[in-house]
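Participant: Below is the structure I would like to discuss, written out as structure tokens.
The values are calculated or read from the model by the stated rules, or taken from the named source; none is laboratory data. These numbers were taken from a predicted model, which means no experiment stands behind them. FYI the Cβ positions are ideal-geometry reconstructions off the backbone, even for glycines, and counts take in every protein chain you see.
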Amino acid sequence: MRSSDSHHAVESTTRTTASHRRTFLKGGAAGAAALLSGCIGWGDGGSGGGGGGTETGGTVTEGGDDDLSGTTINMLEYAAAQAEATRQVLPQFEEETGITVNLETAPYGDLISKQFTSLEGSSGSYDVIDVDVPYWPAFVSNDWIQPLNDRLAQSDLPQSDFLQRVWDDTVVWGAPDDYLNLDAGNIMGIPYQPNVLTLYYRKDLYDEAGLSPPQTLADYQRVARELTDHDQNRYGMAMMAKEHESLLVEWKSMLYARGGRFFEGETIEEAPFGISESWNPVFDNQTAVDTLKYYKELVEADYTPDGVTSWDWTDVTQNFIQGRLATGQAFSSTARVANDPEQSEVAGKVGYAPYPGSDVSGTMLRRPHYGTWSLAIPKNSQKKRAAWRFIEWLSSTDVQIERARYGAQPSRQSAYDHLTQSGNEVFQTSPAFFQALYEGLTEYGIGRPKIKGYFEWSSTMQKWLTRSITQGMDPQKALSNAADETRQLLEEQGY
């Protein structure tokens with residue numbers, strides 16, 4: 001989840017490339033019957049549209065999806081690796097379908113603001129959006145997103161080929177008035193860009209020192225000390241301790257690995273994650289206090305660069321590829337840029353491992369932060385048929401593999417089966433990277449709390465964590481204040 005642009009750009013792509021063979025494995029869609037009747041709004045009318053059905057009396061007159069040539073759709077995407085990958089494959093889609101895609105990208109904060117603004121209106125600006133996991137509760141509860149059950153039931157796109165843990169945690173939701181009743185089986189999007197906090201390490205330095213990737217956080221400290229060389233301006237580890245989402249998810253990864261959690265009874269053993277019956281905050285207990293103290297110790301250590309309280313995940317990536325770090329925790333889109341000789345001083349020297357865990361009562365706990373971006377269709381889109389055609393195409397195995405060449409991460413088992421084979425390198429060391437990514441996604445990653453006001457809650461947490469880490473506030477006091485504000489926020493939101 002790395003932002004690569006400081007401003008958004010609008011692009012309409014008209015280049016063409018050779019057609020790419022795509023193989024679909026046929027499968028069903030859970031919960032399809034729930035929405036097969038009464039589903040509305042699949043017409044592609046409106047300005048700039050190009051046929052594809054008309055809306056009559058709240059239902060859709062099916063005109064088939066082969067008459068969409070000439071339709072123009074608008075997509076809003078996070079300005080990171082996934083957008084670059086989309087930009088690269090767009091010409092092929094436009095050539096095959098005759099549908100034009102206007103791709104607009106935006107950095108994270110701007111993206112969320114644009115999404116809320118467009119979704120709230122009766123006529124939105126976008127036909128396809130990519131949705132980060134923590135915003136699904138707000139989008140679903142406000143009835144802003146078009147369910148996809150009926151489309152999946154008619155499609156050759158196989159739900160069974162998507163990573164089950166990712167699918168269950170990301171796109172299955174309840175009704176707007178009961179969004180956490182997941183038994184309703186409403187499929188609101190298609191996962192297409194999963195991420196998990198992963199350990200990146202300098203394989204050459206580790207091999208020279210006779211070291212293996214750290215298994216525990218304590219191991220991480222030990223190797224960080226050994227590999228730090230101040231004369232070479234090289235440090236053993238990094239932190240992303242800026243008042244930013246990166247701070248919260250990094251601290252979360254350590255807290256959960258020590259057996260902690262944010263909310264009482266929160267689901268963390270299997271997907272879907274981040275659901276609590278009581279929503280009572282428990283991140284002010286002794287485990288959390290000790291974890292915050294430990295986090296601050298790492299920030300201030302001499303094996304960590306100065307100034308990491310102003311670093312987020314992009315800074316970790318930049319310092320790693322510049323050779324300043326022997327080890328760094330980063331998200332999945334770092335892998336390709338770290339192995340690009342034109343951008344990286346460590347290309348071809350990078351190893352990958354699951355983010356370290358902790359030994360808790362004799363059990364190794366690895367619980368790195370994880371999240372998935374999904375493709376969705378706003379209900380206020382007037383081009384839903386063409387939007388679905390684009391989502392379906394982007395979700396094919398062959399296109400997911402092609403997108404991986406440009407730094408995107410696939411969400412389908414068949415894509416990982418291909419990309420983890422040693423002969424199928426799409427960038428230097430990519431099979432090893434995709435193997436580590438697959439392991440993190442399917443075995444270890446834990447998602448965020450599924451609350452409607454996630455943005456406000458995250459800001460609250462970042463504020464109090466920062467006051468302890470950089471302003472000297474007692475960790476217990478900081479976390480107690482955060483818990484009090486969380487209770488107030490959730491009460492205001494009806495929890």
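Participant: Mind checking whether some residue in the stretch 214-233 is in contact with a Phe, Trp or Tyr (Cβ under 6 Å, 6 or more places away or on another chain) and surrounded by fewer than 19 Cβ atoms within 10 Å (Cβ to Cβ)?
Facilitator: Yes, the conditions are met somewhere in the stretch 214-233.
Participant: Select from the stretch 324-382 the residues that are in contact with a helix residue (DSSP H, G or I) (Cβ under 9 Å, 6 or more places away or on another chain), polar (S, T, N, Q) and more than 30 Å from Glu392 (Cβ to Cβ) and list them in ascending order.
Facilitator: Selection gives Thr327, Gln329, Asn339, Gln343, Ser344, Ser358.
Participant: Restricted to the stretch 283-309, and to residues that are in contact (Cβ under 8 Å) with a residue 60 or more places away in the chain and in a loop (DSSP other than H, G, I, E, B), which residue is surrounded by the fewest Cβ atoms within 10 Å (Cβ to Cβ)?
Facilitator: It comes out as Asp302.
Participant: Pull up the stretch 313-339, narrow it to residues that are part of a loop (DSSP other than H, G, I, E, B) and modelled with pLDDT of 95 or more, then point me to the one that is surrounded by the fewest Cβ atoms within 10 Å (Cβ to Cβ).
Facilitator: Applying the first criterion (part of a loop (DSSP other than H, G, I, E, B)) to the stretch 313-339 yields 322-324, 326, 331-333, 339.
Applying the additional criterion that residues be modelled with pLDDT of 95 or more yields 322-324, 326, 339.
Values: Gln322: 13, Gly323: 16, Arg324: 17, Ala326: 28, Asn339: 22.
This residue is Gln322.
Participant: How about the stretch 358-405: which of its residues are in contact with a strand residue (DSSP E or B) (Cβ under 8 Å, 6 or more places away or on another chain), outside any strand (DSSP E or B) and farther than 21 Å from Leu152 by Cα?
Facilitator: Across the stretch 358-405, the qualifying residues are Arg366, Arg367, Pro368.
Participant: Somewhere in the stretch 250-262, is a residue buried (at least 21 other Cβ atoms within 10 Å of the Cβ) and touching a Pro at 6+ places or on another chain (Cβ under 6 Å)? Lay out the reasoning, then the answer.
Facilitator: Filtering the stretch 250-262 down to residues buried (at least 21 other Cβ atoms within 10 Å of the Cβ) leaves 250-257, 260-262.
Filter once more, so that each one left must be touching a Pro at 6+ places or on another chain (Cβ under 6 Å): 253, 262.
Looking for residues that are buried (at least 21 other Cβ atoms within 10 Å of the Cβ) and touching a Pro at 6+ places or on another chain (Cβ under 6 Å), one finds at least one in the stretch 250-262, hence yes.
Participant: So which of Arg412, Arg403, Arg336 ends up being among the charged types (D, E, K, R), within 22 Å of the chain's Cα centre (by Cα), more than 30 Å from Ser141 (Cβ to Cβ) and not assigned by TED's automatic domain parsing to the domain that holds Glu270?
Facilitator: Arg403
Participant: Which residues, taken from the stretch 465-484, are over 16 Å from Val299 (Cα atoms) and crowded, with 18+ Cβ neighbours inside 10 Å?
Facilitator: Ala478, Leu479, Ala482, Ala483 - these are the residues of the stretch 465-484 that are over 16 Å from Val299 (Cα atoms) and crowded, with 18+ Cβ neighbours inside 10 Å.
Participant: Okay, next question. Return the pairs, sorted by first residue and then second, in which the second residue is surrounded by 20 or more Cβ atoms within 10 Å (Cβ to Cβ) and β-branched (Val, Ile, Thr), the first residue lies in the stretch 144-157 and is farther than 10 Å from Trp388 by Cβ and assigned by TED's automatic domain parsing to the domain that holds Ile129, the beta carbons are less than 6 Å apart, and the residues are 6+ apart or on different chains.
Facilitator: Asn149/Ile187
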